[in-house]
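The values are calculated or read from the model by the stated rules, or taken from the named source; none is laboratory data. What you see is a predicted model; the values in this text were computed from it and never measured. Ideal geometry is used to build each Cβ from the backbone, glycine not excepted, and the neighbour counts take in all protein chains shown.
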Amino acid sequence: MNKINIKTKRKIRVRSKVKGTLARLRLSVHRSNKSIYAQLINDDKAETVLGVSEKHLGKDVKGKKSDKAKELGLFLAKLAISKKIKNVVFDRGSYVYHGRIKQVAEGAREGGLKF
């Protein structure tokens, strides 16, 4: 079994249990080598309600990638609460709940989102 198959199987397993509705949107996280992205998705209408990336934070955030990921979670939570969104379902996709993925989740929780 190679790495691609393992990631694909994990993604299918996670996405089969997670579905975003209007009452609880899906917080989907994507990680690349340079940055991290987060979206709030309504799967009923197949629309992205809110999407942010590290580029939205500006250049004032210094530190490691994990520090930037936590700031991204806080920023996302602030924007979501301003749109009156409080409850979400966390979708880590094919990534292990560790490192930057975990930091985004912790930042969103600290910002006021409830998973």
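Among strands (runs of 3 or more DSSP E) lying entirely in the range 1-93, which contain 2 or more residues that are surrounded by fewer than 19 Cβ atoms within 10 Å (Cβ to Cβ) and more than 12 Å from the chain's Cα centre (by Cα)?
Values: elements: 25-31, 36-42, 47-53, 88-91.
Because the criterion is at least 2 residues that are surrounded by fewer than 19 Cβ atoms within 10 Å (Cβ to Cβ) and more than 12 Å from the chain's Cα centre (by Cα), the strands (runs of 3 or more DSSP E) in the range 1-93 that meet it are 47-53.
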Which number in (1) in a helix (DSSP H, G or I); (2) over 18 Å from Arg15 (Cβ atoms) marks the one condition that Ile101 misses? (2)
Could you please tell me which pairs satisfy a Cβ distance under 7 Å, a separation of 6+ or placement on different chains, a first residue in the range 58-76 that is on the phi > 0 side of the Ramachandran plot and among the hydrophobic types (A, V, I, L, M, F, W, C), and a second residue that is in a loop (DSSP other than H, G, I, E, B) and at pLDDT 80 or above? none
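Any residue at all in the range 50-68 that is among the acidic types (Asp, Glu) and at pLDDT 85 or above?
Of the range 50-68, the ones among the acidic types (Asp, Glu) are 54, 60, 67.
From the residues that got through so far, the ones that are at pLDDT 85 or above too are 54, 67.
So far as the range 50-68 goes, yes, one or more of its residues are among the acidic types (Asp, Glu) and at pLDDT 85 or above.
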